[in-house]
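Participant: One structure, as structure tokens, below. Some questions next.
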Amino acid sequence: AMMQEYDRAAGVVRLWASNGATATVSLALPEAEIEAAVAAFFAQHEPAPVPVDVTNFQARAALLAAGLFETVNAAILSLPQTSLAWQAWEYANTVTRYGALVNAMAADLGFTDAQLDDLFRAAALIEA
């Protein structure tokens, strides 16, 4: 979790990001500059929020970019066409990050939660 602490005795704001990065910002700076420095630090060191869902196109494009499309596609297409997973892969308009199908398929393929989060973040940036 990101944290900040005002150390008035030392004249600094101490910053910690969840990725382990740290920084200090001088309290001698104008308030607007302190706020800008704190915001810039966290923007650089904290991951973007994980989208709740992405379009089917965005999901497929992110998998292609990550070199995972063939693996996922083969796994899903090996299922019966009458399965919910097969139907969702072929026809769903959106793919939900915390949906049962996504998480079951990810578990079957050995993807971690962090990998899924990163795939969804990447997918959200893709435009047709």
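Participant: Note down the nm distance, to one decimal, between modelled labels 7 Å out along Cα→Cβ at residue 7 and at residue 39.
Facilitator: Label-label distance for residue 7 and residue 39, simple model: 2.6 nm.
Participant: Separate question: Report in % the part of the accessible area of region 43-102 that belongs to carbon and sulfur, leaving out ligands and nucleic acids; probe 1.4 Å. Before the final figure, lay out the partial values.
Facilitator: Values: 2270 of 3640 Å².
Taking all protein chains in place, region 43-102 shows 62 percent carbon and sulfur surface.
Participant: If you take the alpha carbon radius of gyration of the chain and divide it by 2.2 N^0.38 Å, what ratio comes out, to two decimals? Don't skip to the end; give the middle numbers.
Facilitator: Values: Rg = 20.5 Å, N = 128, 2.2 N^0.38 = 13.9 Å.
Normalised Rg, Cα atoms only: 1.47.
Participant: If you put +1 on each Lys and Arg Cβ and -1 on each Asp and Glu Cβ, how big is the dipole of the chain around its Cα centre, in Debye rounded to 20? Display every interim value, and only then the final one.
Facilitator: Working: 5 positive and 14 negative charges, 31 e Å.
It comes to approximately 140 debye.
Participant: Put +1 on the Cβ of each Lys and Arg and -1 on the Cβ of each Asp and Glu in the chain; which of 123, 78, 39 then has its Cα farthest toward the positive end of the dipole?
Facilitator: Toward the positive end, the furthest listed residue is 78.
Participant: To the nearest 0.05, what FRET efficiency results for residue 14 and residue 68 with a Förster distance of 30 Å applied to their C-beta separation? Before the final figure, lay out each step's value.
Facilitator: Details: r = 39 Å, r/R0 = 1.30.
Efficiency, from the Cβ-Cβ distance: 0.15.
The values are calculated or read from the model by the stated rules, or taken from the named source; none is laboratory data. Here the structure is a predicted model, which means the values were calculated and not measured. For neighbour counting, all protein chains shown are included, and Cβ atoms are generated from backbone atoms with ideal geometry for every residue, glycine included. Side chains included, ligands, DNA and RNA excluded: accessible areas come from the protein's heavy atoms. Shrake-Rupley method; radii C 1.70, N 1.55, O 1.52, S 1.80 Å.
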